[in-house]
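First comes the structure, then the notes that go with it.
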Amino acid sequence: MKVAIVGGGPSGLYLALLLKRRQPDWPVSVIEQNNADSTFGFGVVLADSGLNRLQAADPQVFEQLVAKMNFNGVQTIEVQHHPIDIQHPAKGGAIARIDLLHVLQRTAQEVGVDVRFGVRIEHPDELSQHGLADADVVVGADGVNSVVRAAYETEFGTTQSFLTNHFAWYGTARVFTKSALVFREWQGGSFVAHYYPYSSSASTFVAECDDATWHSLGLHAMSNEQRQQVFEQVFAPELDGEPLISNHSNWRQFPVTQNAHWTVGKHVLMGDAHTTAHFSIGSGTRIAMEDAIALADALTAPVATGAPELSPLARLHNFAQTRGPAKDKLLNASRKSYLWYEQFGDWMRRYTPYGFIHAFMTRTGRLSEERLQQQYPELFAQFQREGLTQKPVAAHEPLESAHAR
């Protein structure tokens with residue numbers, strides 16, 4: 001099988017090396033528009049469940065990644081200037097995005113993947129200019145602005161809307177001792193910061209505000225540099241004198257991209273090219289790499305003795321049938337989470353600190369009261385003392401608040 005992968009981010013590279021490791025004779029090529037050392041963003045989080053899947057899929061890559069990761073099982077959630085530490089039973093880790101890319105780039109090239117940097121295409125038909133017109137499978141691993149998806153939006157059944165909150169990803173040289181979510185009211189506006197260390201010298205810092213704040217404080221009329229200065233003021237206690245660091249840190253509203261179908265002919269989508277998973281439920285990188293594992297499994301799965309060989313299209317169909325239901329669970333949780341975040345300013349004003357955290361932790365419906373008690377016994381005991389587990393704190397099912405493009 002000849003495979004062409006558009007997009008040399010973590011999911012595209014990971015798929016390529018998995019395929020080449022399992023089928024050394026297959027021609028596998030990755031087309032990436034950026035240079036090898038280009039990276040956008042700072043650190044990414046890989047949760048325990050994702051790490052377990054990476055270990056099972058390729059132990060060698062797993063060991064290299066773990067050696068470069070920063071692990072911490074404690075998270076602080078602060079609301080109304082009331083910080084509460086939560087010990088998570090699962091200890092995920094964070095890694096610098098450039099370190100993640102370098103490990104995957106190096107491994108892919110070591111196993112014989114044809115990786116081409118600095119090659120930009122505007123349509124899958126342009127693969128013919130690079131000797132890839134005869135690829136049996138073309139993978140769109142090229143993110144939310146996927147050219148593979150854009151070429152066949154009608155056939156994929158693409159829809160896109162945008163959330164109303166505004167956010168930007170920054171870094172900082174302040175190395176935090178643990179990850180945190182800080183919800184804060186400032187000059188009548190509602191703000192939230194999510195930060196975590198990813199190396200011995202840097203942390204990721206995601207800044208966000210609701211749409212009412214964006215307009216009432218004039219952020220809509222500011223430059224990105226001025227917005228950065230505002231957030232440095234809002235979260236000055238946390239930054240402790242360190243500035244935020246920008247790396248293409250443009251302010252935007254989260255795009256909710258969905259597709260009715262995974263495949264169109266020999267073309268298949270992965271990661272954000274297929275469906276965007278909101279950062280409030282964890283790393284989209286981890287979810288995209290799990291897409292890559294599922295696709296590699298489907299393309300290389302052995303057939304039963306005596307059974308006819310499966311065509312590439314049949315294998316793509318199997319991928320959609322197996323990965324779809326598993327990812328749908330994550331995406332349902334993502335939807336409930338981002339709709340909750342769309343109204344976080346209201347929740348800050350409505351709840352007590354522990355009431356807020358209870359609502360936050362149960363917002364997706366994946367953490368029942370029973371699991372809450374089992375996994376967070378000390379926190380659950382505090383919820384009980386405040387009467388939060390006897391009845392719902394309040395109706396906190398958020399309203400639909402995404403607006404169409």
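Miscellaneous remarks
- Scoring residue 31 on the criteria (1) part of a strand (DSSP E or B); (2) of a type in the set (A, V, I, L, M, F, W, C); (3) within 21 Å of the chain's Cα centre (by Cα) leaves a single failure, condition (3).
- Flag for residue 329 being open to solvent by 20 Å² or more (accessible area, probe 1.4 Å) and at pLDDT 95 or above: no
- Any hit, region 273-282, residues being assigned to a helix (DSSP H, G or I), in contact with a helix residue (DSSP H, G or I) (Cβ under 9 Å, 6 or more places away or on another chain), aliphatic (A, V, I, L, M) and at negative phi: yes
- Among the residues of region 356-398, those identified as polar (S, T, N, Q), at pLDDT below 90 and over 28 Å from the mean Cα position of the chain (by Cα) are 389, 390.
- Residue 264 in contact with a helix residue (DSSP H, G or I) (Cβ under 8 Å, 6 or more places away or on another chain) and open to solvent by less than 30 Å² (accessible area, probe 1.4 Å): yes
- Residue in region 75-98 that is within 19 Å of the chain's Cα centre (by Cα) and under 23 Å from residue 184 (Cα atoms) present: yes
- So residue 177, is it surrounded by fewer than 19 Cβ atoms within 10 Å (Cβ to Cβ) and under 26 Å from residue 93 (Cα atoms): yes
- Matching helices (runs of 4 or more DSSP H) fully within region 295-385 where at least 1 residues are touching a Leu at 6+ places or on another chain (Cβ under 7 Å) and within 30 Å of residue 180 (Cβ to Cβ): 312-341, 353-361, 377-385
- Checking each residue in region 350-370 for being farther than 24 Å from residue 185 by Cβ and in contact (Cβ under 8 Å) with a residue 60 or more places away in the chain picks out only 364.
- Listed by first and then second residue, the pairs linking a residue in region 236-259 that is closer than 26 Å to residue 178 by Cα to a residue that is small (Gly, Ala, Ser) and surrounded by 12 or more Cβ atoms within 10 Å (Cβ to Cβ), with Cβ atoms under 6 Å apart and 6 or more places separating them unless they lie on different chains, are 242/173; 245/171; 249/168; 251/168.
- Conditions (1) within 16 Å of residue 104 (Cβ to Cβ); (2) surrounded by fewer than 14 Cβ atoms within 10 Å (Cβ to Cβ); (3) not aromatic (Phe, Trp, Tyr): number failed by residue 57: (2)
- If you go through region 122-147 and keep only what is open to solvent by less than 10 Å² (accessible area, probe 1.4 Å), hydrophobic (A, V, I, L, M, F, W, C) and outside any helix (DSSP H, G or I), you end up with 132, 135, 137, 138, 139.
- Those residues of region 17-39 which are open to solvent by less than 30 Å² (accessible area, probe 1.4 Å) and free of Cβ contacts under 8 Å to residues at least 24 places away in the same chain, in sequence order: none
- Residue in region 320-334 that is out of contact with any Gly (no Cβ under 9 Å at 6 or more places or on another chain) and farther than 24 Å from residue 255 by Cα present: yes
- Applying the condition of being charged (D, E, K, R) and free of Cβ contacts under 8 Å to residues at least 60 places away in the same chain to region 287-314 and asking which residue is most open to solvent (accessible area, probe 1.4 Å) yields 309.
- Verdict on residue 73 being open to solvent by less than 50 Å² (accessible area, probe 1.4 Å) and free of Cβ contacts under 8 Å to residues at least 40 places away in the same chain: yes
- When region 151-173 is filtered for residues that are part of a loop (DSSP other than H, G, I, E, B) and surrounded by 18 or more Cβ atoms within 10 Å (Cβ to Cβ), the ones remaining, listed by number, are 152, 163, 165.
- Within region 326-349, the presence of a residue that is among the hydroxyl-bearing types (Ser, Thr, Tyr) and either out of contact with any Ser or Thr (no Cβ under 8 Å at 6 or more places or on another chain) or over 30 Å from residue 191 (Cα atoms) (or both) is excluded.
The values are calculated or read from the model by the stated rules, or taken from the named source; none is laboratory data. Not measured: the values here are computed from a predicted model. Methodologically, a virtual Cβ is constructed for each residue, glycine included, from the backbone with ideal geometry; neighbour enumeration extends over all protein chains shown. Ligands, DNA and RNA are excluded from the accessible area calculation, which covers all protein heavy atoms including side chains. Shrake-Rupley method; radii C 1.70, N 1.55, O 1.52, S 1.80 Å.
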